Structure formats: C-alpha cells, structure tokens
Amino acid sequence: MQRALDLARQGRPWPNPYVGAVVVKDGEIVGAGYHPKAGEAHAEVFALRQAGEKARGATLYVTLEPCCHTGRTPPCTEAILKAGISRVVAATCDPNPKVCGRGLAILRAAGLEVQHGLLAEQARKQNEVFFHAVLTARPYFTLKLAQSLDGKIATQTGQSRWLTGNQARGWVHQLRDRSQAIMVGIGTVRADDPLLNTRLPGGHDPIRIIVDTEGSLPLSAKLWSVPSPIIVAAGRGAAGSRLSALRGEGAEVLVLSREDGRVNLAALAAALFQRGITDVLVEGGAALAGALLQANLVDKFHLFLAPLVLGGKNAPSSIGGPGWSELAACPKFVMDAVEKLGEDLLLTLYPEVSSCSQASLKKWE
C-alpha cells in the first residue's frame, strides 16, 4: 500500500483524486500504476494491464475505493472483475456519492475478498484536496507566506528579495508543481512582477489567478510571457475597456460581486469550482491573505520563517486587512509539522475549526 501511495503522487489528476494501485501475486509485485490526469485511465487499469494474466487470483492494493460508475472512463470495478482479481485492499472509501462504498460492495457481492482501512490516514491526507472538494463543493485554498521573525514581508523601503534561502524557494517550486492553480492579488503583481510558474525541469505550470478588482493588470507584466492560463477575477463595475484588453491578451475574466469594495472571495471560490479548479495555492500578498482569513477560506497554511528581523513600524506585515478586535475571534491553527529548510523554518498548519475536519474525513474509513 505504501508503494501504491508513492505511485499516486506521480499523477496530476485534478479535479480527480490521486490514486495508485499495485497488483501482488505470490508475494511479488506483478503490476503497478497511477492515475496520471483527468480523462486518462485510472490507476487500477494501468496496474492490471501491466500484470496481464498474472492478475488472475492476485491481490490488488489501491489507495482509494475503485469507481463503479461511468464517467470519462468505464468503471474500474468491471476491469477488476474481468481481470480475475481475487482480493482487493483499499486504503479508504471514496466520498463521491456515486461511489461511496458501492464500489467495494459490488466487488464483495461478486465473491472477492475485500478489505479497507490500510494506511487510511495517509491516503486521506494525500487526497485532502479531493475529499474537501467533494464534501464542501469549493476549492481547497493553501496559503503560503514567507516572513521575518517579526512578521514582516519587506523592509520599510519595500525590499523583499530574498527573505528566504535557496532551499525554501526550491521547495516552493515543488509546491507549485503539485498545485492546480496559483493565486495572488494585483498588489503582488505590481510590486514583484512575478512569472508565477514552476522553475523545475519538466515541471507543471499552474493556472494563474489574479484577484484584480478594477481589472488593472498591466499588459506589460511578465506573467503574460508564460503560456499557462490566466484568470483575472475582477469586481462588478470595473472598466469594460480594461476587461476587454485583458481578454484580448488571452485571459479569462471573471466579473464577480464586490464585498467591502473588493472581489467577493466566496463568489470567486464558487466560480473556480464550477470550472473544475479544486486546488489553489495562494502566494500573496498581505491584503489577499487577510481577506481569505477573514472569509474563513484558508484550509492549509505554509508559513516560512526567515532568521532575520526587519523592524520598522512602516514595514509591511504578512497579514493585511482590518484584523480582529478580540482574541477570541482570531483564526486559530493547529501545528501539523515543522521542518528546517536551510536556514529557514517551514511551519505547516491547519485551521483549528475547519470546513472539512479530520473527523469528517475519518468517517470514510
């Protein structure tokens, strides 16, 4: 099962789940596969193809319950039965209402030995984005910030490159490579003029989402030089000529309602989900980070701490917006991991009160 989980991570399957599968016969792996991307065959099919006739009477280990409905591809349960598998071990059930225990029940009814729950916690965590999307019908937002020890993201003169070291920046590009989309505010584009791509050989460039209430994204910005899609989230009332110019450059422009003068982030989340975008990495800036936290739209938090102090009352902080007047109202997080990357610390946290809690995930064991 661990081998199947490792294989699953090789895929880029959004909005589908990560799935890996391994066929074992007489104690040896005879077939293995993973789901590469939406629209292509599922992990079980690749593993069964590789196993061939050796699949007959073998055990199939799979990280998620096999599907039993026809979507872009036929049901995996049919492929499993046709291959002659005698035993199926699934890490966790699939929360999708079209499957949700039915896949395992079909296999059991056909006379196969069926088990589930092996490395379930690892499997759920690997597919936290997919589980979240199914259970909440909105994208999973991962907030990534880098700050000094005193919570600043730049000096009082605006200098910010580079707060963190090479290892931390390399890790961020790996994160981008595994993210379906990346989102920043227009302030970050103006200040840093980023490409928002992945600087890895053969890496995946995420969809770029720019939260730009007035539709003022410069046509000279560097991000236009990267071929991956651009979505601009503008507010109602933004100048039509600006939005037309952005569309003329190839951007998809979403015109959304405003809240407190800015793009309504709940409306943006709904619009992205309708487009099949379920995994969004948010990289800045302070205003967007604060707005997401105010809207309770942060599902995971990666915080880099650089070992330096910037000081200065005018130096910008990592979280903007109005803040919270009472401690009891402040967003609280639970520490999941602490990692040292070069000279920097990486903290990974989850909201204490989550829209898709670990308790809600565990019921799928």
Worksheet item: Taking only pairs six or more apart or across chains, which ones have beta-carbon atoms under 7 Å, a first residue in region 292-314 that is over 20 Å from Gln156 (Cβ atoms), and a second residue that is surrounded by 20 or more Cβ atoms within 10 Å (Cβ to Cβ) and charged (D, E, K, R)?
Response: His302/Lys144; Phe304/Asp344
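Looking for whichever is modelled with pLDDT of 95 or more, crowded, with 16+ Cβ neighbours inside 10 Å and either touching a strand residue (DSSP E or B) at 6+ places or on another chain (Cβ under 9 Å) or aromatic (Phe, Trp, Tyr) (or both) here; the options are Leu163, Leu112, Leu119. Which one fits?
One residue alone meets the criteria, Leu112.
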Item to complete: With respect to Arg247, determine if the residue is in contact (Cβ under 8 Å) with a residue 40 or more places away in the chain and open to solvent by 80 Å² or more (accessible area, probe 1.4 Å).
Response: no
Worksheet item: Residues of region 22-36 being more than 12 Å from Phe46 (Cα to Cα) and assigned to a strand (DSSP E or B), which ones?
Response: Val24, Lys25, Glu28, Ile29
Discussion item. For the list (1) out of contact with any Pro (no Cβ under 9 Å at 6 or more places or on another chain); (2) open to solvent by 10 Å² or more (accessible area, probe 1.4 Å); (3) part of a loop (DSSP other than H, G, I, E, B), I need the number of the one condition that Pro95 fails.
Written reply: (2)
Response to the item:
Residue hits (region 18-42; modelled with pLDDT under 95, open to solvent by less than 50 Å² (accessible area, probe 1.4 Å) and not aliphatic (A, V, I, L, M)) are Gly39
Discussion item. Could you go through region 123-139 and let me know if any residue there is of a type in the set (Phe, Trp, Tyr) and more than 30 Å from Val19 (Cβ to Cβ).
Written reply: no
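What helices (runs of 4 or more DSSP H), lying completely within region 193-307, carry at least 2 residues that are under 17 Å from the mean Cα position of the chain (by Cα) and under 25 Å from Val172 (Cα atoms)?
Working: elements: 240-248, 265-274, 286-294.
In region 193-307, the matching helices (runs of 4 or more DSSP H) lie at 265-274, 286-294.
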Item to complete: Look at Pro13 and say whether it is in contact with a Pro (Cβ under 8 Å, 6 or more places away or on another chain), part of a loop (DSSP other than H, G, I, E, B) and closer than 17 Å to Val129 by Cα.
Response: yes
Worksheet, complete the sentence: For Ala47, the lone unmet condition from (1) part of a helix (DSSP H, G or I); (2) over 22 Å from Asn127 (Cβ atoms); (3) small (Gly, Ala, Ser) is (2)
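The values are calculated or read from the model by the stated rules, or taken from the named source; none is laboratory data. Note that this is a predicted model, so its numbers are computed, not measured. Don't worry about glycine lacking a Cβ; one is built from the backbone with ideal geometry, like all the others, and counts go over all protein chains shown. These accessible areas exclude ligands, DNA and RNA; they are computed on the full protein's heavy atoms, side chains included. Shrake-Rupley method; radii C 1.70, N 1.55, O 1.52, S 1.80 Å.
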